Every structure is written in structure tokens, then in C-alpha cells.
Amino acid sequence: MQMNSRKSRVPTTRLGRLVRIGLTAGEMAVGGMTEGVKRLTGITPEDAVNVFLTAANAQKLAKRLAGMRGAAMKMGQILSMEGADILPREFSDALAILRDSANTMPDTQIRRVMGREYGKGWETRFEKFDFQPMAAASIGQVHRATTRDGRDLALKIQYPGVAKSINSDVDNMAMFMRLANVLPVEMDISGIVAETKRQLKQEADYIVEAKYLRDYRELVRDEARFVVPKVHEDLTTRRILAMDYVSGEPLESLGEKGVSQKLRDSVGTLLEHLLFRELFEFRTMQTDPNFANYLYQPEEDRIVLLDFGSTVTFEKSFTDQYKHIARALIDEDEGAVRHYAEQIGYLDPDDSSGHAGRLLDMIRLICEPIRYDRVYDFSSSDLAVRARDAGLDMALKSRGELRTPPPETVFLHRKLGGSYLLCARIGARVNVHRLISEFL
């Protein structure tokens, strides 16, 4: 499978990347002033989330980040998913294109990266190397290659300069989001910034990803319906990850007309069960539920799991807190829900009753699929819309009391939200309550 994408050289210097963000800020400022003029009269607090947060500005931002790639683009991806609670729908929808595509490197830049990692004459290692990538994401792009000894491989090649620019990219994007009022000025995001840097540095080290790939293959070896590519150590470096080439159809194709409901439900149930195994049994989770990280093999009825750069491990004490709060939600024990919300760090004992009530209502809302022993129809649910509206309401009514979630929960939230979107995309109906109950 090949992809069509715009080719552009990856900016590799800190100055070059800062200039790109600066240009974006300037473009958005002009767009924001124009929008502000339109809203001068009759504006209400609900309408005035931010004059910068328009679909047009989001499209400009997405275009710039797709060209920059690296940590800046990754933060845009996270914002498109995590920001659904606080951003206008048009803004988060426009940023969603970052979850599916990035610009690709020109051939000259690919050759330089390959030469740096494999040395002069790298071409002699391969019978065939396809310069047209199969996929392109925030950190790297994937190429198909055949070795001299006949191995059919997928090579994940990291964009140059990405690893060195993580700290500056994250800091610059955080500053940019402050200036554009994407994030409330009073909100302390230092913990999330530090966690994002740590996680992205891990993602940029393909030796670490290779280890997670090997570990995960072992964790799911008892489930015949999962396929995890094998690592090829001799061709894996810190900036190139060599894996088996594995074919399959896009998983979201299961949401198309003509696919049986039984198959959709079966795949959705399998994915949700894996989610709970990751959290409560493995305590190891692949936290990037991008649709492109899953393939479906119809003849074998198997799901291919790809991309383990954003894999995290959890302490048992951390996952136990989620086990307890899930049990309390199912039992409708409001006191226990409040207690474990404080233990995790979502609430503080000194929070006002109004803010605490709104946040606990939000937790109950988001956990709707697990609370009741019945089949949950992801495709017909409006939970995402209700959660976004509740988040906006809380942002207005709890202003000054809002705090960022605990840093260790950021990537877990991304997986939980992304798993919901994935089941909705394929139109699955799943009794999530029974699945999680096995672990409680």
C-alpha cells in the first residue's frame, strides 16, 4: 500500500522550526483580528471562547504542523483529541487531519538519513527499496524494502532533527497555545509539558520502541487474532526501525456499508478487551490509538497492531486506583468515586462543591459505557458531543479552579478517548461493562 502526500524538506534547525511556529502565530493573529471585528457586537461568554479558534485558523495551523512534523505535529495531534472538551468543534475537527497524514521527505533527505544510519553504500543491503513511503506520521515515515536475503520489511525512518528539537518544539508550542488562548493563561501545564517531552524522547528512540515491540508480541501471543510485526535487529538503529512487512486493510473499513454487524461487534469487543488487559493485566499500554496504527486481515480475521513508540508502563498502585474508581462508578458509590478521584489527582479536598460536582459529573459521563450491564452502541452514541459540551460548561463555570490532569494520565486519556472513537468509526456494539468487570 502506498500513499499520496506532499513532499517537503523537514526543517532541522531550532531556528527554522521556531520561524515556522512564528509564521503560524502571525497568520492566526491576522485571522483572529478579522474574526474579532465580526464579533464586536452581541458577543456572549459562550460564543467568545476565542476569536483565534476558528476552522480557518485550525487549517492554517494543521498545514504548518504537517510540514514541520516532529514534536510540534505530535502536540497538534494530541490537541485534536484531548482538546475536544475545551475547543470549538470546527477547530478540533480541522486539526484531526494531523492524525492521518504528514508531509513526506524528498528522496535526497531520505538518502542522507539512510547513509547516516547504515553507512556509505547502504543500497547494497537491499534488493529493493521503495522511496515512496507507505505511511507518514509525526516522527517518521515508513518504507517497504526487500533485503538481499529475501526478507520483506517495513522500515520506519525518523525525520532528521526531530530528536534534537523535542524540547524546543514542545516549549514553543506551549508558548504558542498560550498566546493564541488555546490554553487558559491561569492553567499550570508544566507537568504535562515535562511528561510530553519525556514521552516524545522515548518515541524518538527506535531502540526503545523495538524493545516494546518484542515485549508486546509476547504479551499477546495467547490471542491468535492479533498480529504484531517482528523486529529485525540487524537493520534496527536508534533512527531506523526494521520490522516485518504486514499487509492488511484499514481497520476503519469495517465501518463501511456491507460489513456485518456481527464482525463489527466482534472486532470492537476484541479491542476493548485488549484495552482493559493493557491497563489492568499487562500494565503496559500502546497509547496512540491513531486509526492508521491498526489494520484488518479479512481472510484470517485478525487485527494487525502497529507503532509502539508511544508505549507506557504503569505502576500497580496507579492502575489499582482506576480499578477502584471503576468499581465505585458501577456501584454508584458517590463517596468512593470522590475519594478515588482525589487519590488519582483529578480533585483536591479543598475544591469547591460546585467544581467538584461538575468534575464528578464529567467522570460519570465519560465512563458511561462501563457503568451499565448492557450493550453499548458506539455508532449511535452522542457521548463525544455531550462530553465536549460539559467540558465547555465546566471551563466557563469553574474558571480559576481548573487544573491540568495529573501528567501520568495524559497518554492514558488519549488511549481511552481514541478507543471510543475507533469503536464509533467501525460501528461496534459492545457490552463494555462485562469486559471491565472481569478485571475488577
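Among the criteria (1) buried (at least 17 other Cβ atoms within 10 Å of the Cβ); (2) touching a Leu at 6+ places or on another chain (Cβ under 7 Å); (3) not acidic (Asp, Glu), the one Gly268 does not fulfil is (2). Set side by side, the residues Glu272, Glu334 differ, and just one is assigned by TED's automatic domain parsing to the domain that holds Arg429, under 23 Å from the mean Cα position of the chain (by Cα) and touching a residue at least 24 places away in the same chain (Cβ under 8 Å), which is Glu272. Against the test of being under 15 Å from Thr237 (Cα atoms) and assigned to a loop (DSSP other than H, G, I, E, B), the options Ala163, Ala154 yield a single qualifying residue, Ala163.
Residues that are modelled with pLDDT under 85: find the helices (runs of 4 or more DSSP H) completely inside region 347-411 holding 3 or more of those.
Output list reads 383-397.
Checked against (1) modelled with pLDDT of 95 or more; (2) part of a helix (DSSP H, G or I), Ser247 meets all criteria but (2).
Candidates Leu347, Leu305: the one that is assigned by TED's automatic domain parsing to the domain that holds Val430, hydrophobic (A, V, I, L, M, F, W, C), surrounded by 16 or more Cβ atoms within 10 Å (Cβ to Cβ) and under 21 Å from the mean Cα position of the chain (by Cα) is Leu305.
Of all the numbered requirements in (1) within 21 Å of the chain's Cα centre (by Cα); (2) crowded, with 18+ Cβ neighbours inside 10 Å; (3) assigned by TED's automatic domain parsing to the domain that holds Gly427, Ser253 misses one, and that requirement is (2). Since Thr108 meets every condition but one in (1) of a type in the set (Ser, Thr, Tyr); (2) touching a helix residue (DSSP H, G or I) at 6+ places or on another chain (Cβ under 9 Å); (3) modelled with pLDDT of 80 or more, which condition does it not meet? Every condition holds for Thr108 apart from (2). Taking the criterion of being aliphatic (A, V, I, L, M) and either in a loop (DSSP other than H, G, I, E, B) or under 16 Å from Cys423 (Cα atoms) (or both), the residues of region 305-327 that qualify are Leu305, Leu306.
The values are calculated or read from the model by the stated rules, or taken from the named source; none is laboratory data. Just so we're clear, the structure is a prediction, and the values are computed from it rather than from any experiment. Every residue, glycine among them, receives a Cβ derived from its backbone with ideal geometry; neighbour counts consider all protein chains shown.
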